[in-house]
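Everything below concerns the one structure shown next.
The values are calculated or read from the model by the stated rules, or taken from the named source; none is laboratory data. Keep in mind that this is a model prediction, so the values were computed, not measured. Don't worry about glycine lacking a Cβ; one is built from the backbone with ideal geometry, like all the others, and counts go over all protein chains shown.
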Amino acid sequence: MQKEPMTPQGHQKLKEELDRLLKVDRPQNVQAIAEARAHGDLSENAEYHAAKERQSFIEGRIIELQSKIARAQVIDPSTINHSKVAFGATVKVMDIDTEEEKTYQLVGPDEADIKAGKLSIHSPMARSLIGKEPGDSVVVKAPSRTIEFEILEINFE
């Protein structure tokens, strides 16, 4: 079983979602199935079929979350003190062509959210940043163009 790196915040979010599914969503859905059954003929009961479909989704998500939590290798970025980019680093970069500055944190794949500035450690951008230091340039091949970034700053928070 291959371990997946994850920040403590990402691990906590998965545990909270699993807890909500087990303690809130699953019991509510069981109640919805029971109510739909009370309406009679199940073959033409849309509420019953919708509740059963929701039950299937909930059970699948519970299994998925349990697997992700079991495979998690929780790494606290604040305990890392590197001068090079590594997992958990918050990296400030500048697009050399446009001089636009952006900040990204390298996180596990389940935590990635580009709008929030969180890059999956497996993304092409993150892979090109790993092992680099402030002042280094990296080239990222994006679908629309090749982008060259300069690393301005690295933090492990």
Open item on the list: Quick test for you: out of Ser67, Ser43, pick the one residue that is modelled with pLDDT of 90 or more, of a type in the set (Ser, Thr, Tyr) and either over 30 Å from Gly135 (Cβ atoms) or surrounded by 13 or more Cβ atoms within 10 Å (Cβ to Cβ) (or both).
Closed with: Ser67
- [ ] Scan region 1-32 residue by residue and report those that are surrounded by fewer than 16 Cβ atoms within 10 Å (Cβ to Cβ), of a type outside the set (D, E, K, R) and at pLDDT 90 or above.
- [x] Pro8, Gln9, Gln12, Leu22, Val24, Pro27, Gln28, Val30, Gln31
Task: Answer from Ser137, Ser120 - the residue that is surrounded by fewer than 15 Cβ atoms within 10 Å (Cβ to Cβ), polar (S, T, N, Q) and modelled with pLDDT of 90 or more - done: Ser137
Open item on the list: If the requirement is being under 22 Å from Val138 (Cβ atoms) and out of contact with any Ser or Thr (no Cβ under 6 Å at 6 or more places or on another chain), which of these qualifies: Val24, Val91, Val107?
Closed with: Val91
Open item on the list: Being farther than 27 Å from Met125 by Cβ and not in a helix (DSSP H, G or I) is the filter here; which residues of region 41-91 pass it?
Closed with: Asp41, Leu42, Ser43, Glu44, Asn45
